[in-house]
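Inspection log for the structure reproduced underneath, given as structure tokens.
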Amino acid sequence: MAEKLYGGIEGGGTKFNCAIGDGPQTIVKEARFATTTPKETIGQVIEFFTPFADQLYGIGLGSFGPFDVDPASPTFGYITTTPKPGWGNTNILGMLREKIHTPIAVDMDVVVAGLGEARWGASKNDSHSLYLTIGTGIGGGYIVDGQPLRALTSLEMGHIRIPHDLKLDPFQGACPYHGDCFEGLAAGPAIQARFGQRAETLTDDNPYWDVEAGYIAHALTNFILSLAPQRIIIGGGVMQKGFMFPLVRKKVQELLNGYISHDRIIDHMDDYIVPPALGGQAGVLGCIALAMNQPHST
Ligand code: ADP
Ligand code: ZN
């Protein structure tokens, strides 16, 4: 049984995962609701938490984006310019706060997944861990001593530039802002745009996977050189292709070319770049971790 109860809400583009507890072993209730309209879906989320209203110390909300997590912004807690029908300019935090009178902390979906992995998952023994998702978009969260790194803005690690050999891969890139940035080249929709079929339906022997692994390895190399994470966790739909992990690890070693001589990179690459240990639960557990992080709720 959980000592204190916290709520987690992982708001995704297809479903909202909700849970109550204080860790992976102590979930007292959980549910998933399809992402339909804000009114319907948020209504179901509110109903889920209502019976626990007096017992919750806090709630963490991680949402798909663009999600405004800057407390100084007039649209703090809004899903802003999403192309998802019905969800543009939705004050999701406001809708929850109107009905739930418990402190609610917010962060981006990728950040909360990173928090979950750092607290209970693959990075539970690391002080500096990087969580990357490669799915509909690409995003990263850097967790330092249990707290997400944020500075002027949140991190936008999916939009860095990486080498793009147009002879090898003539695809122009799918990012509306940058064309062939990392996300524009390597996220699921970019793969789909190249082949006219969803990434999951490309066979494992398609030569493109080697190109994809190269993009991911280039990005990781930049993150390793600039942030020196103790571990890198990669989730998201595209990484369901498990054979990508060994490909990416090998290419990262090749690109670094012995320059970083730490044994995690030289000898323990299999434990350095890893899938999420919490699997699909990383996000919602991370939301609980976010709630537990708040000074007013501990
Ligand atoms: P989201 O990013 O919306 O939260 P996902 O992480 O599941 O969701 O990413 C969805 C993207 O991942 C889609 O572009 C989809 O084609 C791709 N994808 C999903 N499953 C697989 C798979 N098994 N192999 C490769 N790509 C996949
Ligand atoms: Zn971009």
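The values are calculated or read from the model by the stated rules, or taken from the named source; none is laboratory data. Keep in mind it's a predicted model, so treat the numbers as computed, not measured. Counting neighbours? That spans all protein chains shown, and the Cβs are built from the backbone with ideal geometry, glycine included.
Could you tell me whether segment 140-150 includes any residue that is without any contact (Cβ under 8 Å) to a residue 40 or more places away in the chain and either in contact with a Gly (Cβ under 6 Å, 6 or more places away or on another chain) or crowded, with 18+ Cβ neighbours inside 10 Å (or both)?
Yes, some residue in segment 140-150 is without any contact (Cβ under 8 Å) to a residue 40 or more places away in the chain and either in contact with a Gly (Cβ under 6 Å, 6 or more places away or on another chain) or crowded, with 18+ Cβ neighbours inside 10 Å (or both).
Residues in segment 81-90: is at least one surrounded by 17 or more Cβ atoms within 10 Å (Cβ to Cβ) and touching a helix residue (DSSP H, G or I) at 6+ places or on another chain (Cβ under 7 Å)?
For segment 81-90, residues surrounded by 17 or more Cβ atoms within 10 Å (Cβ to Cβ) and touching a helix residue (DSSP H, G or I) at 6+ places or on another chain (Cβ under 7 Å): present.
Is it true that some residue in segment 227-235 is of a type in the set (A, V, I, L, M) and either in contact with a Gly (Cβ under 6 Å, 6 or more places away or on another chain) or over 16 Å from residue 131 (Cβ atoms) (or both)?
No, that holds for no residue.
For residue 126, state whether it is in a loop (DSSP other than H, G, I, E, B), within 20 Å of the chain's Cα centre (by Cα) and within 24 Å of residue 62 (Cα to Cα).
It is true that residue 126 is in a loop (DSSP other than H, G, I, E, B), within 20 Å of the chain's Cα centre (by Cα) and within 24 Å of residue 62 (Cα to Cα).
Can you tell me which residue within segment 209-243, out of those that are farther than 16 Å from residue 185 by Cα and aliphatic (A, V, I, L, M), is nearest to ligand 1 (Cβ to nearest atom)?
Step by step, filter segment 209-243, then rank; the result is 234.
Kindly check whether there is at least one residue in segment 62-76 that is surrounded by fewer than 20 Cβ atoms within 10 Å (Cβ to Cβ), among the aromatic types (Phe, Trp, Tyr) and under 23 Å from the mean Cα position of the chain (by Cα).
yes
Where residues in segment 177-191 are part of a loop (DSSP other than H, G, I, E, B) and away from ligand 1 (no atom under 16 Å from the Cβ), which of them is nearest to residue 225 (Cα to Cα)?
Across segment 177-191, the extreme among qualifying residues is 181.
Among the residues of segment 1-35, write down those that are polar (S, T, N, Q) and not in a strand (DSSP E or B).
14, 25, 26, 35
Filter segment 247-269 down to the residues that are under 20 Å from residue 142 (Cα atoms) and touching a residue at least 12 places away in the same chain (Cβ under 8 Å), then identify the one that is farthest from ligand 2 (Cβ to nearest atom).
Filtering first and then ranking leaves 264.
When you go through 219, 187, 213 one by one, which is the residue that is at pLDDT 95 or above, within 16 Å of ligand 2 (Cβ to nearest atom), in contact with a Leu (Cβ under 9 Å, 6 or more places away or on another chain) and not basic (Lys, Arg)?
219
Grab the helices (runs of 4 or more DSSP H) fully contained in segment 192-298, keeping just those with 1 or more residues being under 23 Å from residue 16 (Cβ atoms).
282-293
Do you know which residues across segment 48-78 are part of a strand (DSSP E or B) and closer than 14 Å to residue 154 by Cβ?
Correct list: 62, 63, 67.
Just name the residue that is farthest from the chain's Cα centre (by Cα) out of those in segment 97-115 that are crowded, with 21+ Cβ neighbours inside 10 Å and outside any strand (DSSP E or B).
The selected residue is 115.
Identify, from the list 292, 239, 244, the residue that is assigned by TED's automatic domain parsing to the domain that holds residue 49 and either modelled with pLDDT of 95 or more or more than 16 Å from ligand 2 (Cβ to nearest atom) (or both).
Going through 292, 239, 244 in turn, just one is assigned by TED's automatic domain parsing to the domain that holds residue 49 and either modelled with pLDDT of 95 or more or more than 16 Å from ligand 2 (Cβ to nearest atom) (or both): 292.
Out of (1) surrounded by 16 or more Cβ atoms within 10 Å (Cβ to Cβ); (2) without any contact (Cβ under 8 Å) to a residue 12 or more places away in the chain; (3) closer than 26 Å to residue 114 by Cα, the odd one out for residue 202 is which?
(3)
Somewhere in segment 254-275, is a residue surrounded by fewer than 20 Cβ atoms within 10 Å (Cβ to Cβ) and closer than 28 Å to residue 7 by Cα?
Yes - at least one qualifying residue is present in segment 254-275.
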